[in-house]
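Derivation of every value follows stated rules applied to the coordinates shown; laboratory data play no part. Since we're looking at a predicted model, the values are computed, not measured. Methodologically, a virtual Cβ is constructed for each residue, glycine included, from the backbone with ideal geometry; neighbour enumeration extends over all protein chains shown.
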Amino acid sequence: MQEKSRLGGSADWAGLLLNREHPNERPAMLQTWHDLVFLHARVPVERLQALVPSSLTVEEFDGSGWLGFVPFSMSSIRPPWFPAMPWLSAFHETNLRTYVTHPEHGPGVWFFSLEAARYLACLFARVAFQLPYFHASMSGEAYRYEGRRRGFQLLPNLPFSMSELQSYAVEARRTGEWREATPETFEFWLVERYRLYSGGEALTTAQVHHEPYMVADGAVDRLEIAGLEPQFGTLDFSSVLVAKTLNVQCFAPRRVRSS
């Protein structure tokens, strides 16, 4: 299935598959992701396009852009040459994202914000990756997450639009059987993305690598998200998936050449 986009042609299945290949370099960081919840809502693509750098095109599926809200837990976060530190290397994270493509580097993810429970992790990600991390108070277990962005953020500014997320509470559960996301399906288009973009108009890109996602259909018993409507409008998170644990390699960001 290929869905035409008003702002950039059809879904780039070949590009998504190409980005799954292991980069020909050593990873900069290792980490493990647990108990992921993928919530997605339709948002008019023009509304999303206004919030991303001009060199990126927001992708559509089924006639609209999509906003993803993804809470999960992380552990074993470390450089390849250093052991994981028990407190610093494990915490909850949430990201708010949409799906974009670049004419040279292909499809990927654009983050409007990422919340994390460790200040040093937020600081490192802003400085090293130009990613819009915010320090938050967070708790969670097995698809149940709560968080609130801290009011004072002692973090460097970034030159692009970020979300105004205030707080959230998510309680999800698995309702279907585990399966690998199948190419040329909606769930594959959502989750099988191994490239991210960051940095505003001075764009950078980075890759991750892991085994393909094992996902299952899910349902939400509680969902409260505050602060998003002014930017994104009324949101109906109609798509719910959960995913199994993944061991992930993260690679150093690269500057994208101006066209």
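Per-residue extension of 0.36 nm, minus the Cα-Cα distance of LEU17 and ARG179, leaves a gain of 56.6 nm for this segment.
Look at the dipole of segment 23-85 built from charges on Cβ: of GLN31, PHE72, LEU56, the Cα furthest out on the positive end belongs to GLN31.
Using θ = phi - 60° in the Karplus curve 6.51 cos²θ - 1.76 cosθ + 1.60, the 3J(HN,Hα) couplings for segment 13-18 round to 5, 4, x, 5, 5, 4 Hz; x is entered for Gly and Pro.
Dipole magnitude for segment 115-182: about 140 debye, using +1 per Lys or Arg Cβ and -1 per Asp or Glu Cβ, origin at the Cα centre. Basic side chains Lys and Arg get +1 at the Cβ, acidic Asp and Glu get -1 at the Cβ, and with that the dipole of segment 21-177 about its Cα centre reaches some 560 debye.
Cα gyration tensor of the chain, axes a ≥ b ≥ c as square roots of the eigenvalues: rounded (a/c below 1.5), prolate (a/b > b/c) or oblate?
Working: a/c = 1.18, a/b = 1.09, b/c = 1.08.
Rounded shape, in that the Cα axes give a/c under 1.5.
Helices in the chain, meaning DSSP H runs of at least 4 residues, each add -39500 (n - 2.57). Divided by all residues, the mean residue ellipticity at 222 nm is -3000 deg cm²/dmol. Here the relative contact order of segment 1-113, from alpha carbon pairs under 8 Å that lie six or more residues apart, stands at 28 percent. Here each label is just a point 7 Å from Cα along the line to Cβ, and for PHE124 and ALA50 those points are 3.7 nm apart. Computed from backbone phi, the HN-Hα couplings of segment 210-219 come to 6, 4, x, 4, 9, 10, 8, 4, x, 9 Hz, rounded to whole numbers (Karplus: 6.51 cos²θ - 1.76 cosθ + 1.60, θ = phi - 60°; Gly and Pro given as x). Please list the non-local residues whose amide H lies under 5 Å from the amide H of TYR133, H modeled 1.01 Å from N, same-chain partners needing a gap of 5 or more. Close amide H contacts, sequence-distant or interchain: LEU114, ARG126. Taking the chain as a Gaussian network of alpha-carbon nodes connected by springs under 10 Å, the highest mean-square fluctuation of the residues ASN24, ASN95, ASN247 belongs to ASN24. Only one residue of TRP13, TRP87, LEU223 has its Cα farthest out toward the positive end of the dipole of the chain, where Lys and Arg carry +1 and Asp and Glu -1 on Cβ, and that residue is TRP87.
For segment 1-149, rounded, prolate or oblate, judged on the Cα gyration tensor with a ≥ b ≥ c (square roots of eigenvalues), a/c < 1.5 rounded, else prolate if a/b > b/c? Taking the square roots of the gyration eigenvalues as a ≥ b ≥ c, segment 1-149 is prolate.
A straight line joining the Cα centroids of segment 77-124 and segment 176-235 runs 13 Å.
Could you tell me which of rounded, prolate or oblate describes segment 142-255, using a ≥ b ≥ c as the square roots of the eigenvalues of the alpha-carbon gyration tensor, with rounded for a/c under 1.5 and, failing that, prolate when a/b is larger than b/c and oblate otherwise?
In terms of gyration-tensor shape, oblate.
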